[in-house]
DNA sequence: TCTGGGGTCCTAGGACCC
DNA sequence: TCTGGGGTCCTAGGACCC
């Protein structure tokens, strides 16, 4: 049996955990730059606030209903996620962490036993971390995801829905009540095209002919249909398959057209990306850099250039930054108001499998490694950016808006909440 | 005024090879 | 008038996910 465990309204629940006064109130968490809504408490959903809705279109509604809007606090969410994943790992030897707030678990036991385990792990996460999760159980990942949706939507399941425990008539009714677009792998576009073929519900999709959909759409949709019928198509649960690419990008606080702050931004993002790279013990064999103007500004000329440059596989911040800057110089054109820049590392290989090179200088490589290790240690102990390239700059125009960030309760000593006993 | 960031996979089409 | 067939690799773009 495959279980999909998913935190309810994850970011919003994290905020409520440390500010109990927010419980029962409409709470939304905003994306970087305070741009879009990325998480909503149940009360905020009930107000009709949509996922990814631009915050600036909601301000009037929010004022009327006393919606609390918070900037995202990834230090907090990342730490609580790690705690939950550790608790869940104790319930199965086979865990696939799928995103910050959900993971698949293989529960080997029979159907009844699996459902009992699911109820137990749900209670344990609640007890040890304090956050609510929902569990869906099915024979394929797609069915487990679907069961998880049902667990969230129908209160009578009390957070755990196991298709194996239900009668086939009940499962059919649940599938009939789920729109096709609610199935994992069917997005907005596909849902529209399926509706034109008379396929509106998950049940109708389950009964569709996969070969016909394969011809008309893609192999991905055919797999989804087979998975809905209990045929495993989506690879076994795997512990963190190795990354193919690694991206660091940000929108700016305001539009920028000068080359200097753009270069500083690219150095900053390449530095972040290099840190992630070393943390995962990987080398990059190519550096991509891209720029973007604001696509919502129809009144401004648009330009979205990108370029990928190869280099000898490395995890040295200096080399990655230099290469990214070479790319930036080649794609930059004056006269555009840029809204976003990013650095993409690809051609990733494990550091342990570094290829020897004919003209490599082993002494330089050893120095590079020692330097990067020292920089990472200093920054880990004394705070990010304690040691950094001067070229990173700190132009305030680049910095994101984050007007309502909560404290990093669990990862910064000076922000740990203090309970007074008086 | 204000519209996220980080990923994966698939497909079509072009370049290139023999 | 007539301009091959078969294969691989790469890239861009689209769709999807959270």
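Might you let me know whether the stretch A:128-135 holds any residue that is at pLDDT 95 or above, more than 16 Å from DNA strand B (Cβ to nearest atom) and within 14 Å of residue A:164 (Cα to Cα)? Working first, answer last.
So the first thing to find is which residues in the stretch A:128-135 are at pLDDT 95 or above, and the list is A:128-135.
Retained after the next criterion (residues that are more than 16 Å from DNA strand B (Cβ to nearest atom)): A:128-135.
From what is left, the residues that are within 14 Å of residue A:164 (Cα to Cα) are A:135.
Yes, the stretch A:128-135 contains at least one residue that is at pLDDT 95 or above, more than 16 Å from DNA strand B (Cβ to nearest atom) and within 14 Å of residue A:164 (Cα to Cα).
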Checklist line | From A:296, A:252, A:290, residue being modelled with pLDDT under 90 and either buried (at least 16 other Cβ atoms within 10 Å of the Cβ) or not in a helix (DSSP H, G or I) (or both) | finding: A:296
Check: Here are some residues: A:81, A:92. Which one is surrounded by 16 or more Cβ atoms within 10 Å (Cβ to Cβ) and over 15 Å from the mean Cα position of the chain (by Cα)?
Finding: A:92
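Matching residues to (1) assigned by TED's automatic domain parsing to the domain that holds residue A:56; (2) buried (at least 17 other Cβ atoms within 10 Å of the Cβ); (3) touching a strand residue (DSSP E or B) at 6+ places or on another chain (Cβ under 6 Å):
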residue	(1), (2), (3)
A:308	no, no, yes
A:323	no, yes, yes
A:335	no, no, no
A:346	no, no, yes
A:352	no, no, no
A:369	no, no, no
A:374	no, no, no
Item checked: Residue tally, condition buried (at least 16 other Cβ atoms within 10 Å of the Cβ) and near DNA strand B (Cβ under 7 Å from one of its atoms), over the stretch A:36-54 -> 2
Checklist line | Scope the stretch A:375-422; condition over 26 Å from residue A:82 (Cα atoms) and not in a loop (DSSP other than H, G, I, E, B); matching residues | finding: A:390, A:391, A:392
Margin query: Against the condition farther than 23 Å from residue A:152 by Cβ and either outside any helix (DSSP H, G or I) or within 14 Å of DNA strand B (Cβ to nearest atom) (or both), how does residue A:60 come out, does it pass?
Written below: yes
Checklist line | Elements of type strands (runs of 3 or more DSSP E) contained in the stretch A:68-108, each with 1 or more residues being within 14 Å of DNA strand B (Cβ to nearest atom), at pLDDT below 95 and within 15 Å of residue A:134 (Cβ to Cβ) | finding: A:95-99
Notebook entry, point to check: Within the stretch A:237-251, can you find the residues that are more than 26 Å from residue A:351 (Cα to Cα) and either touching a strand residue (DSSP E or B) at 6+ places or on another chain (Cβ under 6 Å) or outside the structural domain of residue A:297 (by TED's automatic domain parsing) (or both)?
Noted result: A:251
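Among the residues in the stretch A:256-275, are any within 15 Å of DNA strand C (Cβ to nearest atom) and at pLDDT below 95? Spell out how you get there, then give the answer.
Quick first cut of the stretch A:256-275, residues within 15 Å of DNA strand C (Cβ to nearest atom) only: none.
Within the stretch A:256-275, not a single residue is within 15 Å of DNA strand C (Cβ to nearest atom) and at pLDDT below 95.
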Checklist line | Lone qualifier among A:198, A:235, A:230, A:185 - being within 13 Å of DNA strand B (Cβ to nearest atom), modelled with pLDDT of 90 or more and at positive phi | finding: A:185
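Matching residues to (1) farther than 30 Å from residue A:364 by Cβ; (2) outside the structural domain of residue A:384 (by TED's automatic domain parsing); (3) more than 16 Å from DNA strand B (Cβ to nearest atom); (4) out of contact with any helix residue (DSSP H, G or I) (no Cβ under 6 Å at 6 or more places or on another chain):
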| residue | (1), (2), (3), (4) |
| --- | --- |
| A:262 | no, no, no, yes |
| A:276 | no, no, no, yes |
| A:283 | no, no, no, no |
| A:302 | yes, no, no, yes |
| A:314 | no, no, yes, yes |
| A:318 | no, no, yes, yes |
| A:329 | no, no, yes, yes |
Notebook entry, point to check: Could we say that residue A:327 is under 30 Å from residue A:14 (Cα atoms), at pLDDT 90 or above, within 16 Å of DNA strand C (Cβ to nearest atom) and surrounded by 15 or more Cβ atoms within 10 Å (Cβ to Cβ) here?
Noted result: no
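Which helices (runs of 4 or more DSSP H) sit wholly inside the stretch A:113-225 and have at least 1 residues that are loosely packed, with under 14 Cβ neighbours inside 10 Å and within 16 Å of DNA strand C (Cβ to nearest atom)?
Counting at least 1 such residues, we get A:188-196, A:210-216.
The values are calculated or read from the model by the stated rules, or taken from the named source; none is laboratory data. Keep in mind that this is a model prediction, so the values were computed, not measured. Reconstructed Cβ throughout: ideal geometry from the backbone, glycine too, with neighbour counts over all protein chains shown.
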